[in-house]
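Comments concern the structure below.
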Amino acid sequence: MKRLVPVCVFVLVAGAALPASAAEFRRLPVAVYRDKMAGGWIGQMVGVGWGGPTEFHSQGQIMPEAKLPKWQPAMVNQFHQDDLYVELTFVRTLEQYGLEVPIRQAGIDFANSGYPLWHANHAGRDNLRSGIAPPDSGHPKFNAHADDIDYQIEADFSGLVAPGMPNVAIELGEKFGRLMNYGDGVYGGQFVGGMYAAAFFEDDPVKIVEAGLACIPAQSQYAECIRDVLAWYRDEPTTWEKTWQRIDAKYQRNPAYRRFSCDKGAFNIDAKINGAYIAMGLLYGQRDLEKTIVVSIRCGQDSDCNPSNAAGVLFTTVGRKRLPDRFTSAIDEKGVFSHTAYNFPKLLSACEKIAREAVVRSGGKIERTDAGEVFVIPVVAPRPGRLEQCWAPGPPADSRFDEAEQAKITALSERKQREVDLAKVAPGWTIANCGRDMDPGLKAEFRGKKNVFLTHPLDRDTGCTLSKKVEVPSGKKTTLRMVVSHHPEGDWTLVVRADGKELLRRQIGPETAPGGWATVSVDLSPYAGKTVQLELVNQPDGWRWEAAYWAEIAIRSE
């Protein structure tokens, strides 16, 4: 649908109603809003479902067309994707508390979420659980992933509840984006939210990308990146691979544009370059649903999140009723998104409720006509937030939850949860340098044994260490006994040290644990009568499925 009236240059003050004479208005039938909003959610599901098998398979290179998965209608049912379930926590907060919800309450709700997370989301949530309140939970001082893609992948909701209201999308970014991000990390989400807000009234991809760009500080590197993509698209409107090469040269290979990236190698989770790949899909897709998704996927890196954003925006312009059956026929209306109370119909109802509030709160109204309800929405120019840069951040807010707020956070921080879980297998042992790959923690069962604790090295060089001070009795034979296993497709090296001295180094894999489990014993008798610091290290030895599985760690004296 094309824009109905010209945009009047006017700044909306968040939360304030606009005088009727101060702005022009656009009209959006509520039935049309529902249809387009549903299309946006379906687009997200289609994009992440199609791109899911390719995620991070192509890093710093274009994905060959032959490796692109074939679309199957059932791929739309993505109820366990972080690209979707995280933002539903934010939808629920808005449904419960309204658009005026304090950022601290948003932080409490996010802290209590139960789904797995990575990068900025994980760090932000762990900060919140540890008592660091927003906006500090996303500040670079406390969050090494603050420039990562996270709020960008989950900001779709902010535009889907704000049709034609870019400042609502910007405001929601300031509230929810700061739970885990800062600077370009926040701007990525506001860019995405601004595109969705525009997609209810605009179908030209160039104008939609420009609308998102208008929602972020022009001096930011993120804005520079999107301006580059637009300019390079105009230079080379038919061959997207040439624009990809220019993006790669500047935003992948130039360290000046990866100053706060969590990884400096081929892997790139920075918001800017992945935002460029969203824009690439929209621009070079030229309103073709499949081509938009395929281009975003083949650009690589986070190749399920990026097509999810791009498809969500484009599908919003189309609306559910006009989508091809191959994208809608298999939708499971009863399927519930992970760790939420929402199935698809309940999600749409919640978003409509929030959108109704947003229209009135922004100075619009909801008219009743013979043909049905109509949103009457003020036309206002976006007002971006202030410029921030993760590599030169402003001071943190020194924001902490008070005792009453902390009591509302029932979930434990990751560190505390691991300590609690480890105690069920190895009481008194502590854990350090545990990476997040392969979902470390207590497993109910593994290879026939119950209550197995999984660890993973921090990185390719740093092993995860379990440690404990042990008093070795005199006059007895004392043995450290470990029952350990490995992933079916990997192995790892077990290192045992006492007061820093290496006592054992053994690979744990199919050859040393032919039945799946290995029982390893170390004689501690030389330390009889002494207190010794024991360290058990899950050391990487090839960086492939390096998890260690611990069924027993015991000190036995006889």
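Each reported figure results from applying straightforward, stated rules to the coordinates on display, with no laboratory input. Note that this is a predicted model, so its numbers are computed, not measured. Here the Cβ positions follow ideal geometry from the backbone for every residue, glycine too, while neighbour counts run over all protein chains shown.
Please work out the FRET efficiency for the pair SER467 and ALA74, using the Cβ-Cβ distance as r and a Förster radius of 45 Å; give the result to the nearest 0.05.
Working: r = 47 Å, r/R0 = 1.05.
E between SER467 and ALA74, to the nearest 0.05, is 0.45.
Extension gain GLU445-ASP332, at 0.36 nm per residue separation less the Cα-Cα distance, in nm? Working shown, then result.
Details: separation 113, 0.36 × 113 = 40.68 nm, distance 3.07 nm.
So the chain would gain 37.6 nm between GLU445 and ASP332.
Place a point 7 Å from the Cα of VAL206 along the Cα-to-Cβ direction; which residues of the range 293-316 have their backbone N under 19 Å from it?
Only 314 fall inside the zone, counting backbone N under 19 Å.
Among the listed pairs LYS141/LYS424; LYS141/LYS416; LYS272/LYS334; LYS36/LYS250; LYS141/LYS175, give every one whose C-alpha distance is greater than 28 Å. All intermediate terms of the calculation are to be shown ahead of the outcome.
Numbers: LYS141/LYS424 33 Å; LYS141/LYS416 21 Å; LYS272/LYS334 36 Å; LYS36/LYS250 35 Å; LYS141/LYS175 19 Å.
Too far apart for the 28 Å limit: LYS141/LYS424; LYS272/LYS334; LYS36/LYS250.
Identify the GluC sites (Glu not before Pro) of the range 29-133 meeting these criteria: DSSP loop state and at most 14 other C-beta atoms within 10 Å of the C-beta. Intermediate values should be presented prior to the final figure.
Values: sites: GLU55, GLU65, GLU87, GLU95, GLU100; in loops: GLU55, GLU100.
Here the GluC sites (Glu not before Pro) that fit, given the DSSP loop and packing criteria, are GLU100.
How do the peptides 66-75, 294-303 rank, highest first, by the average count of neighbouring beta carbon atoms within 10 Å per residue? Can you show the working numbers first?
Numbers: 66-75: 12.7, 294-303: 27.2.
Result, highest mean first: 294-303, 66-75.
Quick check: residue separation of GLU489 and VAL376 times 0.36 nm, minus the Cα distance between them. What number comes out in nm?
On the way: separation 113, 0.36 × 113 = 40.68 nm, distance 5.84 nm.
Result: 34.8 nm gained on full extension.
Where the centroid of each part is defined by its Cα atoms, how far is the range 127-164 from the range 306-338 in Å?
Their Cα centres are 25 Å away from one another.
Given the Cα-Cα distance of GLU558 and GLU100 and 0.36 nm per residue of separation, how much length would full extension add, in nm? Walk me through the numbers on the way to the answer.
On the way: separation 458, 0.36 × 458 = 164.88 nm, distance 6.56 nm.
The GLU558-GLU100 span can extend by a further 158.3 nm.
In whole Å, what is the distance between the alpha-carbon centres of the range 191-250 and the range 498-551?
52 Å
Give the peptides 495-505, 139-149, 173-183 in descending order of average Cβ contacts within 10 Å, highest first. Working shown, then result.
On the way: 495-505: 14.5, 139-149: 24.6, 173-183: 28.5.
The peptides rank, most packed first, as 173-183, 139-149, 495-505.
Taking the simple approach of a point 7 Å from Cα along Cα-to-Cβ for both ASP437 and GLU236, what is their distance in nm?
If labels sit at ASP437 and GLU236, their model points lie 3.3 nm apart.
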